[in-house]
Every structure is written in structure tokens, then in C-alpha cells.
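Undergrad: This structure is in C-alpha cells; I'll ask about it shortly.
The values are calculated or read from the model by the stated rules, or taken from the named source; none is laboratory data. Keep in mind that what you see is a predicted model, and the values were worked out from it rather than measured. Every residue, glycine as well, gets a Cβ built from its backbone with ideal geometry; the counts of neighbours run over all protein chains shown. Surface accessibility is based on the protein's heavy atoms, side chains included, excluding ligands, DNA and RNA. Shrake-Rupley method; radii C 1.70, N 1.55, O 1.52, S 1.80 Å.
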Amino acid sequence: RRSPPRLYWLFCQFELITCSYLMEPWEKVLFYSFNLALLGLLLYTTHLCLAPHASSAFQLLCSFLGSPRGNAPSVVK
Amino acid sequence: QKNGVSNGTLYKKKFIEHFEQAPMYVAVFTFVGFAVGTIFGYLRDFMRAWGLEKRNIAAEREQQKDFVPLYQDFENFYTRNLYLRIRDNWNRPICSVPGPQFDLMERVTDDYNWTFRFTGRTIKNVINMGSYNYLGFAETDVNALKTVTIELEKYGTGVCSTRQEMGTLDKHVELEKLVAKFLGVEDAMVFGMGFATNSMNIPALVGKGCLILSDELNHTSLVLGARLSGATIRIFKHNNMQSLEKLLRDAIIYGQPRTHRAWRKIIILVEGIYSMEGSIVRLPEIVSLKNKYKAYLYLDEAHSIGAVGATGRGVVEYFGMSPDDVDVLMGTFTKSFGAAGGYIAGKKDLVDFLRTHSHSAVYATSMCPAVAEQIIRAMKCLMGLDGTTQGLQRVRQLEKNTRYFRRKLHEMGFIIYGNDDSPVVPLLLYMPGKIGAFARRMLEKNIGVVVVGFPATPITESRARFCVSAAHTREMLDTVLNALDELGDFLHLKYSRYSKSSHPELYEESRLELED
């Protein structure tokens, strides 16, 4: 007997835990769209919050590695 | 979790019970499931109230809308929104004898469990893991039922009277004598219905001014009988002797609530095997407590008579005690004897008192004689009076089946509650979504199981309850175990953190090496 593929099994677990296995089809559509909308919002907020941080950290890293005429202590001996 | 050894000398053999707790995330997920179900329940109720969805529930007529409401909608919230979604797993009609295998009527629903219709087909030979058929006496073998057919032809089916009027047949007298001999007591009395035995006899034994100490998880019949009697009821924690002792001491020290007079009677209500937990009562400790504090003991052996004990005589024999230790022995014939009805046994004075004062004895219709004959033949088989060792073989087979089933389930990693020797095996499912999925998938694999959820169990501990029977063969049990293994992996039910290794051969090899 083939065991079901991993992703399908995880999806089944999600369905069982959140009782969406018991819902009628239109309720499932409603529930999943709500969940996806929430997830999308979460990712967007994360992106909005982290993007400036990430870009400034990247700039700092570039300044360490990029310019050889940069800060004296950072020059390799 | 092994039993502590505070009363180590009272128990003649090991008393091992398991009540393992699942990891914390399981409880969190269970609540998530209930929360989502509740939210959608509110949504559906809203849609029904505003006419966006058809109403299928009972409602008053238009002309009576101004009257006092007949149907309180909100109380049935749980039934309407959560139970209804998985309602197809209960009340399944069967169309054969509930032996180790049975036939189910195929039932489909077109509108998500509001109504059902039968397709006309039957699902044949479904393995029965839900019937209380512990010794396998629910059978249709012609040779076995010979005496029952003779009595049916002699007496007919109805008695048409109560015990006190004209309903006491010679069959009842014969049965009562046999029950008394089986249990080793002076006298016994039989009733037509097991539930009615409890609920109608406890009010006859206790009244106002008496104290009832009842276990937390007692059956509804005991609770109903206790409430009907009018006595004061105090609950002690399930199978917890420290809690019981504290209550007994408080009762004797402080007496009745306002007058502080002594209680007229103190009676302890316990069951032999608790059907939802599979735990066995700690009888030696209770008997020693009752003797110390001069209380009475009422033991309900509905599930344990015939199912535990070396010769099937119940928990009294299982613990090696004498039946004189228990004041009122009660049991039912529904579970191990394949019939219907209940009995109360004890001293002759007690049974004579009950014959005149019990509501069930005075007003309820007496037992049908064919059913009485079935119990007589089953009991004679158990006692060996029919000349064969079949009864003893059935008890041994049940014991073997129970041990095998429980051991295998533990090894696979499921969480099982209860004593190692009890044939009632609750397998914990926890999440409400899994209740429906489990029962449906087991039926697809041709196995019938009983699943239980809130409110019969605590909200986080829904379970599937298996009843092992002596009539189950090793192949049937193996089929069920393989199906459970597969389903446990698919539904992720193997929460146990104490399961033994899945390769016991490695255990044995390493032990031998060390012994060398």
C-alpha cells in the first residue's frame, strides 16, 4: 500500500485539526479564502516591516566588503 | 503511570492502569477545532435566523409565534451545529445478530445529515468492535438456542403483568436461584431492564437523611437513582481512595448539613468496570474503608460480570474477595449473557425487602420467559453445569483476546485508557474532526466502531471505544489492528510517548547478551 504523499497528508491534518473536513463545500471555500487572505496579509506586513531592516543590513554588509579605501580597521592585514 | 504501593498487601496481583496525557499541542489543536466549529455554528445560525438558509429544525406554527417559545434554540447549539455534521456515525441500524460480525443497512444522506435514506443494500460481515458481547453469547446457533426455542413455544413472548400481580413465573424463580448460586450469595432478584434496576432500586434503599458517595464517572442510571432517592449526594474523584476517605471522615465528623446529626445511612456507589474509561474499581481498598467507617457498598457490575474474574464471576472474584464483603451486588444480563435485564443480589433480608419496596418490582413488567431461559442457559454454560467446559473456555478466550489487543495497541503507540485486564478499550482521538473521520474510514474498511465525544466524555478527550469479545478470532483482531495501524498513521493518532520499540526482537537479543 502506497503511503499518501507528504503534502497531501499535511493538508489532511490541517483539515482534521480545524474541522474543515466536516464543512460543506461553500463553507470550506469561505474558510480557506479567509485563511489565505489572513496569510497574505501577514506576509505583506512582514515584508513591509522587514524590508527596510533587510536593505539597511545589506547596505552595511556591502560597505564592509565593497570599498577598499573604507575604514582603516576593516582593511585586511 | 503505575499504581502506588500505599496498600500493597491488599492486592494479590498487579493493578496496572493507564491514563496517559497527550502532549500539550493536542489540547491546543482540539480547542482550535472546537473554536472553528463554534464560529461556523454562529454563522449558520445567523443565516438560518435571517432566512438566507432553509430551516430544518423544529419551529412553532405561524399562529403561535406570539406564545411562549416552545423550542429554545440556543440550548441545542452544540447538537445542531457540531453533532449534526457527524451524525451519520451513530444510530446505525443493523440487521443481523450483533455477534463478532454483523450486517449494516446502507444509509446515505443527501442534505448533510439532516435526513437519511436507505439504499436497500446491506453491508455484510462488518467486524463488530462496539457491541457489549463479551462472552459471545449473542449467537444464532440452533443447538445453543434449543432450550430457548422450547421455552418460547411453551410460554410465548409476553408476560402481561408485573411481578407482584401475576408475573412471577417458575422461570423467574429458577433464574433467581441460579443467579444466587452463581454469585455465591443468599438470594437474588431479577428485573426486566438493567437501567431500571439501578434507577428504581436505589430510591428504595436510601431516602432523605442518608448520604450517597458516588464516583465521579458513574453511569447515568446510578446518578438518576441517586437523585430520585432524595438523599444527599457527594462525589469523590474517580477511583481515588484518598478522596473517598476524606469524604467519609467529613461525613462522620460533621454529620448532616445543618443539624449535625449522624447520617442515617452512608452508601458508596461504584461500578465494577467503568464503560468510558475501562478502569476497574479498587475494590479491596473500598471494602477496607467501608468496614472501617461502617458504610454500605453498592457495586454495579454491569460490564464486569462474566467479563473479569477467573471463572467470570466479576470483580469480586477478580480481586479474590468474598461476596459477603459487598452489601448490594447489582449487575445486568445485557452485556455478557446476550439477553436483557438486571439483577440485585445479596443477603436474603435485603432481597425480601426489595421484593416489596422496589418500584421496579411492583410496577414494571417482569422479564420475558424466553429471555430468562437464555440467561439460564448462558449461566449454566459458564458454571459448567451443562457438562461442557465451554463457559470456562469463553472466559479464557476473552482474557487472551483482551491482553493481545491491548498489548498490540500499546506497542503501536496509541493512547489507551484503563486497566490491562478490562475488555473495554478506549482509544483516545482528542480532536472533533478526527471523530467523524475515524468512524467513517473504519466503516469503509468494514469495521464498525463506536466513537464518543463531548458531552459523554470531557471536551478534550473524545475517544473510540472498542469492546473485545470472546467470539472474536485472532484473524479478526489482526484485521482490526492492521486497519488501526494504517489509520493511526494517516490520521496521526499515535500520541503515546511510552510505546515500546516496534522491533521487540532487538529487545530480546540485547537481553540475552547481557545475561551472558
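Undergrad: For residues in region B:435-458 being within 14 Å of chain A (Cβ to nearest Cβ) and not charged (D, E, K, R), which is farthest from the chain's Cα centre (by Cα)?
TA: B:Ala437
Undergrad: Conditions: (1) within 11 Å of chain A (Cβ to nearest Cβ); (2) in contact with an Asp or Glu (Cβ under 6 Å, 6 or more places away or on another chain). B:Gly41 meets all but one. Number of the miss?
TA: Of everything listed in (1) within 11 Å of chain A (Cβ to nearest Cβ); (2) in contact with an Asp or Glu (Cβ under 6 Å, 6 or more places away or on another chain), B:Gly41 misses just condition (2).
Undergrad: Additional query: Which condition breaks for B:Phe353 when tested against (1) at pLDDT 90 or above; (2) surrounded by fewer than 22 Cβ atoms within 10 Å (Cβ to Cβ); (3) closer than 30 Å to B:Ala144 by Cβ?
TA: In the conditions (1) at pLDDT 90 or above; (2) surrounded by fewer than 22 Cβ atoms within 10 Å (Cβ to Cβ); (3) closer than 30 Å to B:Ala144 by Cβ, B:Phe353 misses (3) alone.
Undergrad: Only one of B:Gly413, B:Gly387 is at positive phi and touching a residue at least 24 places away in the same chain (Cβ under 8 Å); which?
TA: B:Gly413
Undergrad: Go through region B:143-173 and count every residue that is in a helix (DSSP H, G or I), over 16 Å from B:Ala339 (Cα atoms) and of a type in the set (Ser, Thr, Tyr). Break it down stepwise before answering.
TA: Initially, region B:143-173 is screened for residues in a helix (DSSP H, G or I), giving B:146-155, B:170-173.
Right, trim to over 16 Å from B:Ala339 (Cα atoms) and you get B:150, B:153-155, B:170, B:173.
Okay, now just the ones that are also of a type in the set (Ser, Thr, Tyr), so B:155.
Of the residues in that region, 1 qualify.
Undergrad: Here is a check on your reading of the model: is B:Gly209 of a type outside the set (Phe, Trp, Tyr), more than 27 Å from the chain's Cα centre (by Cα) and in a strand (DSSP E or B)?
TA: no
Quick grid of which residues meet (1) part of a helix (DSSP H, G or I); (2) over 30 Å from A:Leu30 (Cβ atoms); (3) open to solvent by 40 Å² or more (accessible area, probe 1.4 Å); (4) touching a Ser or Thr at 6+ places or on another chain (Cβ under 9 Å):
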position	(1), (2), (3), (4)
B:Gln21	no, yes, yes, no
B:Tyr25	yes, no, yes, no
B:Phe31	yes, no, yes, yes
B:Val36	yes, no, no, yes
B:Leu52	no, no, yes, no
B:Ile57	no, no, yes, no
B:Gln63	yes, yes, yes, no
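Undergrad: Looking at region B:193-234 only, could you name the residues that are β-branched (Val, Ile, Thr) and under 20 Å from B:Ala295 (Cβ atoms)?
TA: B:Ile202, B:Val206, B:Ile212, B:Val223, B:Thr232, B:Ile233
Undergrad: May I ask you to list the residues in region B:282-301 that are touching an Asp or Glu at 6+ places or on another chain (Cβ under 7 Å) and either among the β-branched types (Val, Ile, Thr) or open to solvent by 10 Å² or more (accessible area, probe 1.4 Å) (or both)?
TA: B:Val287, B:Leu289, B:Tyr296 - these are the residues of region B:282-301 that are touching an Asp or Glu at 6+ places or on another chain (Cβ under 7 Å) and either among the β-branched types (Val, Ile, Thr) or open to solvent by 10 Å² or more (accessible area, probe 1.4 Å) (or both).
Undergrad: Related question: Give the residues of region A:10-29 that are more than 7 Å from chain B (Cβ to nearest Cβ), among the hydrophobic types (A, V, I, L, M, F, W, C) and in contact with a helix residue (DSSP H, G or I) (Cβ under 9 Å, 6 or more places away or on another chain), sorted by residue number.
TA: Listed by number, the residues that qualify are A:Cys12, A:Phe14.
Undergrad: Restricting to region B:484-501, name every residue that is open to solvent by less than 10 Å² (accessible area, probe 1.4 Å) and not in a loop (DSSP other than H, G, I, E, B).
TA: Across region B:484-501, the qualifying residues are B:Leu484, B:Leu487, B:Gly488, B:Leu491.
Undergrad: Here is a further query. If you scan region B:145-199, which residues turn out to be small (Gly, Ala, Ser) and under 24 Å from B:Ala226 (Cβ atoms)?
TA: B:Ala188, B:Gly192, B:Gly194, B:Ala196, B:Ser199
Undergrad: Let me ask another. Do you know which of the residues in region B:114-142 that are open to solvent by 60 Å² or more (accessible area, probe 1.4 Å) and closer than 23 Å to B:Ala339 by Cβ is farthest from the chain's Cα centre (by Cα)?
TA: B:Val142
Undergrad: Residues of region B:65-98 being hydroxyl-bearing (Ser, Thr, Tyr) and open to solvent by less than 60 Å² (accessible area, probe 1.4 Å), which ones?
TA: Hit for region B:65-98 is B:Ser96, nothing else.
Undergrad: Does region B:122-135 contain at least one residue that is without any contact (Cβ under 8 Å) to a residue 40 or more places away in the chain and among the hydroxyl-bearing types (Ser, Thr, Tyr)?
TA: There is at least one residue in region B:122-135 that is without any contact (Cβ under 8 Å) to a residue 40 or more places away in the chain and among the hydroxyl-bearing types (Ser, Thr, Tyr).
Undergrad: Additional query: Go through region B:373-426 and count every residue that is in contact with a strand residue (DSSP E or B) (Cβ under 9 Å, 6 or more places away or on another chain) and charged (D, E, K, R). Walk me through it before giving the result.
TA: From region B:373-426, those in contact with a strand residue (DSSP E or B) (Cβ under 9 Å, 6 or more places away or on another chain) are B:375, B:402, B:405-406, B:409-410, B:414-426; that's our starting set.
Cutting the leftovers down to charged (D, E, K, R) gives us B:406, B:420-421.
Looking only at that region, the number is 3.
Undergrad: Name the residues in region B:213-266 that are surrounded by 16 or more Cβ atoms within 10 Å (Cβ to Cβ), of a type in the set (Val, Ile, Thr) and under 17 Å from B:Thr197 (Cα atoms), would you?
TA: Passing the criteria: only B:Val223.
Undergrad: Take residues that are open to solvent by less than 10 Å² (accessible area, probe 1.4 Å) and tell me which of the strands (runs of 3 or more DSSP E) falling wholly in region B:390-474 contain 3 or more.
TA: In region B:390-474, the matching strands (runs of 3 or more DSSP E) lie at B:424-428, B:463-467.
Undergrad: Further question: Report the residue count in region B:174-206 for those that are surrounded by 18 or more Cβ atoms within 10 Å (Cβ to Cβ) and not in a helix (DSSP H, G or I).
TA: 9
Undergrad: Could I ask something else about it? Could you figure out which of (1) within 14 Å of another protein chain (Cβ to nearest Cβ); (2) under 25 Å from B:Leu477 (Cβ atoms) isn't true of B:Pro432?
TA: (2)
Undergrad: Sort through B:Arg406, B:Arg396 and tell me the only one that's more than 14 Å from chain A (Cβ to nearest Cβ), closer than 30 Å to B:Leu175 by Cα, under 22 Å from the mean Cα position of the chain (by Cα) and free of Cβ contacts under 8 Å to residues at least 40 places away in the same chain.
TA: After applying the criteria, what remains is B:Arg396.
Undergrad: Please go through (1) surrounded by 10 or more Cβ atoms within 10 Å (Cβ to Cβ); (2) away from every other protein chain (no Cβ under 14 Å); (3) at pLDDT below 90; (4) farther than 30 Å from B:Ser322 by Cα for B:Asp111 and return the number of the only condition it doesn't satisfy.
TA: Tallying (1) surrounded by 10 or more Cβ atoms within 10 Å (Cβ to Cβ); (2) away from every other protein chain (no Cβ under 14 Å); (3) at pLDDT below 90; (4) farther than 30 Å from B:Ser322 by Cα, B:Asp111 fails exactly one: (2).
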